[in-house]
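Asks: My questions all concern the structure below.
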Protein chains: 2
Amino acid sequence: MRELPLCDAAKAFVAAARVCRIATVSADGEPHVIPVCPVFDNEATVYVDIGPSSATARAVAHDDRVAVIFDVYDDDWSKLRKVILKCRAERVTGEEQEAAWKRIRATYPQHRDIGWKPRLTLALRAYAWLADGIERKR
Amino acid sequence: MRELPLCDAAKAFVAAARVCRIATVSADGEPHVIPVCPVFDNEATVYVDIGPSSATARAVAHDDRVAVIFDVYDDDWSKLRKVILKCRAERVTGEEQEAAWKRIRATYPQHRDIGWKPRLTLALRAYAWLADGIERKR
């Protein structure tokens, strides 16, 4: 894993993602992983909004470490790309939550049809990262 | 989470996947997640081949629990689909490894160009699962 900051190619790759998968560890030590729709602050924080009673919510209440993977699959394996962020999750409220939701509304306008409203909004603050394949694609 | 067996729709969804993401827990309790190219035995075991000195290999040597997510993203959120398998990882060798590699070679013929050879082949044996969106798509 690499130290921050992320390189520009990694920032651009993360910023463009419509989906990522976040892995957590439950209280009994079991891994869990779900897909989520992220927004990125273009520096080192990914915001996601999850169900407050979900397995992921219970996991981060117990252990705030979250591994986040952004990747693109292609049957041409020379085009495989990924960025993994190791993060700590922090519940955000107030101004930071509203700023995150401003990004979410702009990025996913379809949330209006779904009726998706702020639930448990997490700031996933990266403390380490790695990337593969993103430089050669740019 | 649901008990086994998987329903037919979940089996078909997993069997069709070209990529999935597998989450593990490292010795220090940190979550990790990587993308892998799976093959499925059409019942309850997913085979993947990973680097023997990778973070994932070290993690499963310490704790064999692996969460596997198969999902398809679409900006039309009515089309979101996912299957999550909770598994135990077991290194396979001999006949079971060769059978897994027969599937891998058939599913990913491009491995020949990459020069991908058996490394650490894991059988991810599901013990619980959940699915969302797969029934309404079939």
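Asks: Relative to the longest principal axis of chain B, what angle (0 to 90°, nearest 10) does the C-alpha long axis of helix B:94-107 take?
Replies: 50 degrees
Asks: Between B:TYR127 and B:SER54, take the C-beta separation as r, use R0 = 30 Å, and let me know the FRET efficiency to the nearest 0.05.
Replies: The pair B:TYR127/B:SER54 has a calculated efficiency of 0.80.
Asks: Just the Cα atoms of segment B:8-132: what Rg and Dmax do they give in Å?
Replies: 14.4, 44
Asks: Between B:ARG65, B:ARG91, B:ARG119, which gets the highest mean-square fluctuation from a Gaussian network model of chain B, Cα cutoff 10 Å?
Replies: Result: B:ARG119 has the largest fluctuation of those listed.
Asks: Something else about it: Taking 0.36 nm per residue of separation and subtracting the Cα-Cα distance, what length does fully extending B:ILE114 through B:ASN42 add?
Replies: 23.3 nm
Asks: Who wins for biggest fluctuation among B:ALA17, B:ALA61, B:ALA106 in a Gaussian network model of chain B, springs between alpha carbons below 10 Å?
Replies: Of B:ALA17, B:ALA61, B:ALA106, the Gaussian network model singles out B:ALA106 as fluctuating most.
Asks: Additional query: Once you wrap a convex hull around the alpha carbon atoms of segment A:96-138, what is its projected area averaged over all directions, in nm²?
Replies: In nm², the orientation-averaged hull projection of segment A:96-138 is 4.9.
Asks: Based on the Cβ-Cβ distance of A:GLU135 and A:ASP28, what FRET efficiency does E = 1/(1 + (r/R0)^6) give at R0 = 30 Å, to the nearest 0.05?
Replies: Result of the calculation: an efficiency of 0.15.
Asks: Okay, moving on. How big, in percent, is the set of alpha carbon pairs in the protein assembly as shown lying more than 23 Å apart?
Replies: When all Cα pairs of the protein assembly as shown are counted, 53 percent exceed 23 Å.
Asks: Among B:ALA44, B:ALA99, B:ALA67, which residue has its Cα positioned farthest towards the positive end of the charge dipole of segment B:1-119, with +1 placed on the Cβ of Lys and Arg, -1 on the Cβ of Asp and Glu, and the dipole taken about the Cα centre?
Replies: B:ALA99
Asks: Next up: In whole angstrom, how far apart do the alpha carbon centroids of segment B:57-111 and segment A:54-118 sit?
Replies: Going from one Cα centre to the other spans 22 Å.
Asks: Right, here's the next one. Between B:ASP41, B:ASP63, B:ASP75, find the one with the highest GNM mean-square fluctuation for chain B; connect C-alpha pairs within less than 10 Å.
Replies: Between B:ASP41, B:ASP63, B:ASP75, it is B:ASP75 that shows the largest mean-square fluctuation.
Asks: Give the relative contact order (percent, whole number) for segment A:8-132; include only Cα pairs under 8 Å separated by 6+ residues.
Replies: Once normalised by length, the contact order is 28 percent.
Asks: Also: Among the lysines, which fall within straight-line cross-link reach of B:LYS102, defined as a Cα-Cα distance under 17 Å, with same-chain neighbours fewer than 8 residues apart omitted?
Replies: Excluding near neighbours in sequence, the set is B:LYS117.
Asks: Which order results if A:SER54, B:SER78, A:SER26 are arranged by neighbouring Cβ count within 10 Å, fewest first?
Replies: Going from least to most buried by this count: B:SER78, A:SER54, A:SER26.
Asks: I would also like to ask the following. Exposure proxy check: A:VAL72, B:VAL48 ranked by fewest other beta carbons within 10 Å?
Replies: A:VAL72, B:VAL48
FYI, it's all coordinate maths here, none of it is from the lab. Nothing here was measured: the structure is a model prediction, and the numbers come from that model. Because the Cβ atoms are built from the backbone with ideal geometry, glycine has one as well, and the counts that use them run over all protein chains shown.
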